[in-house]
Amino acid sequence: MINNLFTFSGFLVATETAEHSGFGINTDIFQTNLINILIILALLIYSGRGFLGKILSERLANIESAIKDAESRKLKAAEELGDKQKKLAEVQAECDRLRLQAEVNAKSAGEAILATIAEDIERLKSSATQDLANEQERVIMQLRQQVVQKSLLQVKAYFDQGLSESTQQELVDRSISLLVSGESK
Amino acid sequence: MINQLLSSPQFANFAALEVGKHFYWQVGNFEVHGQVLIVSWIVIGVLVLASAIATSNIQRIPVGFQNFMEYGLEFVQGIAKDQIGEKEYRPWVPFVGSLFLFIFVSNWLGALVPWKLIKIPEGELAAPTGDINTTVALALLVSAAYFYAGLSRKGLGYFSKYVQASPFLLPLWVLEDFTKPLSLSFRLFGNILADELVVGVLVLLVPLFVPLPVMILGLFTSGIQALIFSTLAASYIGEAIEGHGEEEHEHH
């Protein structure tokens, strides 16, 4: 204790002189608390390494698993995307095929329709000409009948006016001669 | 007995060394505490270096030091998120995180580095947070930060919370704006300085092994103090951002 006191008072003097001597290194191990600090540091490293190491390795594992998870999900998503893209391409090809077929169908259908229309036109034309001929014939017949009727009427009117004796005679004679000639034949 | 102890030369020497004396630098008209600035720079250097090393070779799967620093980042993010809320915390992570890391590293470097090996002309190197100037500066930064947070969010309407509950509470609210930095700075300063003093006294009396429990306790307290400081800073900011004074008064 006395020794201690002595060193401390000695230190007082030392610091008094140190104040004016500027920077330096204090080599008094007890005074600088070096041993205690080293012990504390050792304790800290010893206990902290396990504790902190556990926390950090856990964190690392968590991050790793999260990243792995995300990566696998990304891979799956990419796979799905490829799948869907393939399907899309297929559908597009199918679409193209259908469109082509539809175009062909449309063309052939158009041609068929055009052909039938031409046929129809032809048919209609022929029927129209036939109708025209029929009508003409009918009209001619009608005209004939009308002419006959008219002449008959005229003849009747002529007869109604009365025939002269000689004429009647002549007619009768002619008729008889006609009959005779007809019989002889 | 105690009188004897206090008047004994080693104690006077000790007290003079620990508290009273500073390594003054003259900057313009100001006298600054050089030993605090030196250790602060070392702390800042450690932090910057650690960040630089951790981000120099960034891997997608963080291993080793990067993993450790990311863990630290998540921790300070957690402080800000818990106090400010999921929606608003992001812009405040750098501020709150810097507070926590600076205070924490200051405290631990102050306790774990044998600074007394290095003699400086006057005073001694120690944790910067054991100096009232540092803690007051940090606390005033927090005050500025939460005023800025409130004013930038609500404009002058921020001050309406002072009279919202009752106009009679106005003096209390105003008083609180002064007590917040005061309590922040004194709490941190007091804890760190007290820890250093207790360790110093014990080292003086019994140099070996006896100070160990106190030093371990000191490490624990230092960490807690850093956490408390940054948590309270974040909570003040969160309170300023949040809706008007419905939230209950904080106990600390």
Around B:A54, what is the net charge, scoring Lys/Arg as +1 and Asp/Glu as -1 over all other residues with Cβ under 15 Å from its Cβ? 0
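For the range B:2-251, which whole percent of the accessible surface, found with a 1.4 angstrom probe, sits on carbon and sulfur atoms? Before the final figure, lay out the partial values.
On the way: 8950 of 12640 Å².
After summing per-atom areas, the C and S share lands at 71 percent.
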Take A:A133 and B:L151, extend 7 Å from each Cα along the Cα→Cβ direction, and tell me the distance between the two endpoints in nm. 11.5 nm
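Using a probe radius of 1.4 Å on heavy atoms only, what accessible surface per residue do you get for the range B:2-251? Whole Å² is fine. Walk me through the numbers on the way to the answer.
On the way: 12640 Å² over 250 residues.
Averaged over the residues of the range B:2-251, the accessible area is 51 Å².
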For B:Y24, residues with placed amide H under 5 Å, excluding near neighbours: B:G34
Whole-Hz ³J(HN,Hα) for each residue in the range B:65-76, computed from phi via Karplus 6.51 cos²θ - 1.76 cosθ + 1.60 with θ = phi - 60°, x for glycine and proline: what do you get? 5, 4, 4, 4, 5, 5, 4, x, 4, 4, 5, 5
Nearest 100 Å² is fine: how much accessible area is buried between B and A, summed over both sides, with a 1.4 Å probe? 3600 Å²
Can you work out ³J(HN,Hα) from phi for every residue in the range B:175-182, in order, using Karplus 6.51 cos²θ - 1.76 cosθ + 1.60 and θ = phi - 60°, giving whole Hz and x for Gly and Pro? 4, 5, 4, 8, 6, 4, x, 4
Calculated SAXS-style log₁₀ I(q)/I(0) at q = 0.10, 0.15 Å⁻¹ - chain B, Debye, Cα scatterers: -0.60, -1.12
Given the options B:V214, B:V198, B:V163, state which has the largest fluctuation in a GNM of chain B using a 10 Å cut-off (strictly under) for Cα springs. B:V163
Using just the helices of chain B, give the 222 nm mean residue ellipticity in deg cm²/dmol: DSSP H runs with n ≥ 4 each add -39,500 (n - 2.57), and the total is spread over all residues, rounded to 500. -23000 deg cm²/dmol
Tell me the Rg and the Dmax, in Å, that the Cα atoms of the range A:49-129 produce. 34.1, 116
Could you sort B:R60, A:R99, B:R187 by accessible area so the largest value comes first, with the probe set to 1.4 Å? B:R60, A:R99, B:R187
Would you be so kind as to list the residues of the range B:205-220 that have their accessible area lowered by at least 20 Å² in the full protein complex compared with their chain by itself (1.4 Å probe)? B:P207, B:L208, B:F209, B:L212, B:M215, B:I216, B:L219
Looking at chain A, I'd like the Rg to Rh ratio, where Rg is from alpha-carbon atoms and Rh is Kirkwood's inverse mean 1/r. 2.07
So who's got an amide H within less than 5 Å of the one on B:K119, skipping anything under 5 residues away but keeping other chains? H placed 1.01 Å off N, in plane. A:G24, A:I25, A:N26
If you count only protein heavy atoms with a 1.4 Å probe, what accessible area per residue comes out for chain A, rounded to a whole Å²? 84 Å²
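Hey, what did the range B:2-251 get for relative contact order, percent, Cα under 8 Å, at least 6 apart? Could you put the intermediate results ahead of the total?
Details: 249 pairs, mean separation 63.9, N = 250.
Once divided by the residue count of the range B:2-251, the mean separation gives 26 percent.
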Which residue fluctuates most in the GNM of chain B (Cα springs below 10 Å): B:Y71, B:Y236, B:Y158? B:Y71
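The values are calculated or read from the model by the stated rules, or taken from the named source; none is laboratory data. All of these numbers come straight from a predicted model, not from anything done at the bench. Cβ coordinates were reconstructed from backbone atoms using ideal geometry, including for glycine residues, and neighbour counts include every protein chain displayed. For accessibility, only protein heavy atoms count, side chains too; no ligands or nucleic acids. Shrake-Rupley method; radii C 1.70, N 1.55, O 1.52, S 1.80 Å.
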